[in-house]
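Below is one structure, written out as structure tokens, with a few remarks after it.
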Amino acid sequence: MTRQIDRLQASIAPFLAFFNGPYAKLNANPEVANFAVGNPLEFPMPEYVDALRASLEPKRANWFAYKDNEPKSRIAVARGLSKQTGMDWDPADVAMTNGGFAALAVAMRALVEPGDEVIFLSPPWFFYEFMIIAADAAPVRLHLAPPAFEPDLEAIAAAITPRTRALIFNSPHNPSGRVYPLETLQALARTLTEASARIGHPIFVISDEPYKRILFDGIEFHSPAEAYPHTVITYSYGKQLLAPGQRIGYLTVPPTMPDREAFRDTVFVAQLATGYAFPNALLQHAIEDLEELLIDVPAMQRRRDRMVEGLREIGYETTIPEGSFYIMARAPIADDVAFTDILASHRVLVLPGTAVEVPGWFRISLTATDEMVERGLQGFAAAYAEAAQE
Ligand SMILES: Cc1ncc(COP(=O)(O)O)c(C=O)c1O
């Protein structure tokens, strides 16, 4: 057994290779059409800056005192969730965190004992396996098969053992852009209910939902919490505000969850143990405004359409995302890392599929500018032609 830090590093090796390699070299170059990650490349929404500015001015002596799960934050979040789900969400079940990343870490710490197994679905977010290892648990990888990226319920049922504690589910899904309908979530709930009865303890769904407001074509988002009471939702405001460096998010459970009163205390201890994983005072003061704000999703949908159409005209096979920031496209040669190098030589920066466990593909983030899309399409065409000659 290697040291935990070595196992953590190994689990994100493809991400680190990209991050310390092509990303570090090209990310700041203005000549590069940058589709690498979900970072803002345009100025933030003025309304967002106004909200922060308004909350910066102290109104009481304790304005910047230690903050934890502030009542105002909990109420704003619960109000939003009640509206979204039609359930009567209890503010006391909302735990505020510094981003979705911390919400996942807190969820792991609250749910998982050393040696437990946690199932995650591949392609995953870069850090799921990493966070399972960080919780001293055993990661169990199952696959979502392209192009539909449907969960295989039989495979999930077969992978469940008496040590299974949780399954991480992500919709809208990064990187495929799938938004799973309620019927899929209900079928997953039936599978997990049966398996929980078989193994004698509940299996939790950790529902990672940071893109739930980034939806295209009028599609509706549903949370597994609507179908399955043992659901722990993790959320980040980083996507809806396109301000991921301002760390605020939450962890919460639905009003249907059994023993939720006891779970609140567990979560609070986990928030402390995760290194005071609460959001800063300023962001919690601004929460009512933040909850209402959303980036220009119709503009992002137009960018998606332009990109998909442009790539398909060149000859690329692509997904058409229903939500999230991402399009997946198949590299015209088998080696996605080599192809992303060719793209980089044409001043286009994308994420190689290997970094998200989809070798042979690459991921495009729609947080780029429209101008970068036009410039990038020329680079995509030149790289495609170059690959065809090899
Ligand atoms: C699927 C998924 N989960 C969680 C996160 C973490 O979000 P944040 O960094 O805003 O906490 C991200 C960020 O990219 C993500 O894509």
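We did not get these values from a lab; they are worked out from the coordinates using the rules stated. Since the structure is predicted, the reported quantities are computational estimates derived from the model, not experimental observations. Cβ: placed from backbone, ideal geometry, glycine included. Neighbour counts: every protein chain shown.
How far apart, in nm, are the 7 Å Cα→Cβ label points at E194 and R3?
Here the modelled spin labels are 4.6 nm apart.
What percent do you get for the relative contact order of segment 228-362 when only Cα pairs under 8 Å and 6+ apart count?
Dividing the mean separation by the residue count of segment 228-362 yields 14 percent.
Just the projected area, averaged over all directions, of the convex hull on the alpha carbon atoms of segment 270-321: how many nm²?
6.5
Give the angle, between 0 and 90 degrees and rounded to the nearest 10, that separates the Cα long axis of helix 71-85 from the longest principal axis of the Cα atoms of the chain.
Around 70 degrees separate the two axes.
For a label point 7 angstrom out from the Cα of A28 toward its Cβ, which stretches of segment 345-375 have the backbone nitrogen within less than 18 Å?
349
If one takes the longest principal axis of the Cα atoms in the chain, at what angle in degrees, from 0 to 90 and to the nearest 10, does the Cα axis of helix 297-314 lie?
Relative to the chain, helix 297-314 is tipped by roughly 40 degrees.
With θ set to phi - 60°, apply the Karplus curve 6.51 cos²θ - 1.76 cosθ + 1.60 along segment 238-252 and write out the HN-Hα couplings as whole Hz, x wherever there is a Gly or Pro.
Each residue's phi maps through the Karplus curve to give x, 8, 5, 9, 6, 9, x, x, 9, 8, 8, x, 7, 10, 7 Hz.
Going out from 0 in 5 Å bins, what whole percent of all Cα-Cα distances in segment 60-292 drops into each bin?
1, 7, 15, 20, 21, 17, 11, 5, 2, 1, 0, 0
For the chain, set up a Gaussian network in which alpha carbons nearer than 10 Å are linked by springs, and say which option among M87, M307, M108 fluctuates the most.
Of M87, M307, M108, the most mobile in the Gaussian network model is M87.
Please compute the length gained on full extension between K83 and E374, using 0.36 nm multiplied by the number of residues separating them and subtracting their Cα-Cα distance.
Extra length available between K83 and E374 comes to 100.9 nm.
Below 8 Å, C-alpha to C-alpha, sequence gap of six or more: please give me the relative contact order for the chain in percent.
In percent, rounded to a whole number, it is 24.
For helix 46-56, what angle does its Cα long axis make with the longest principal axis of the chain, in degrees from 0 to 90 and rounded to 10?
Here the helix axis deviates by roughly 40 degrees.
Assuming 0.36 nm per residue, please report the length gained on full extension of the stretch T161 to R302 beyond their Cα-Cα distance.
46.3 nm
In whole Hz and in residue order, list the ³J(HN,Hα) couplings for segment 158-164 that follow from phi through the Karplus curve 6.51 cos²θ - 1.76 cosθ + 1.60, θ = phi - 60°; x for Gly and Pro.
So the J values, rounded to whole Hz, are 6, 7, 7, 10, x, 8, 5.
Placing one identical point scatterer on every Cα of segment 268-390 and ignoring solvent, what is log10 I(q)/I(0) from the Debye formula at q = 0.20, 0.23 Å⁻¹?
Results for segment 268-390 at q = 0.20, 0.23 Å⁻¹ read -1.02, -1.29.
For segment 86-142, would you read off the P(r) tail past 13 Å as a percentage of all alpha carbon pairs?
64
Restricting things to alpha carbons, find the Rg to Rh ratio for segment 230-331 using the Kirkwood radius for Rh.
1.12
Against the empirical 2.2 N^0.38 Å scaling, what ratio does the C-alpha Rg of the chain come to?
In units of the globular-protein estimate, the chain measures up at 0.99.
Residue by residue, what Karplus-based ³J(HN,Hα) values in Hz, rounded to whole numbers, does segment 174-183 have, using 6.51, -1.76 and 1.60 with θ = phi - 60° and x for Gly and Pro?
For segment 174-183, the Karplus curve yields 9, x, 7, x, 5, 10, 7, x, 4, 4 Hz.
What is the calculated FRET efficiency for E113 to L182, with r their C-beta to C-beta distance and R₀ = 25 Å, to the nearest 0.05?
So the FRET efficiency works out to roughly 0.20.
Under a straight-distance cross-link criterion of Cα-Cα below 29 Å, which lysines are reachable from K83, leaving out those fewer than 8 residues away in the same chain?
The qualifying lysines are K67, K72, K212, K239.
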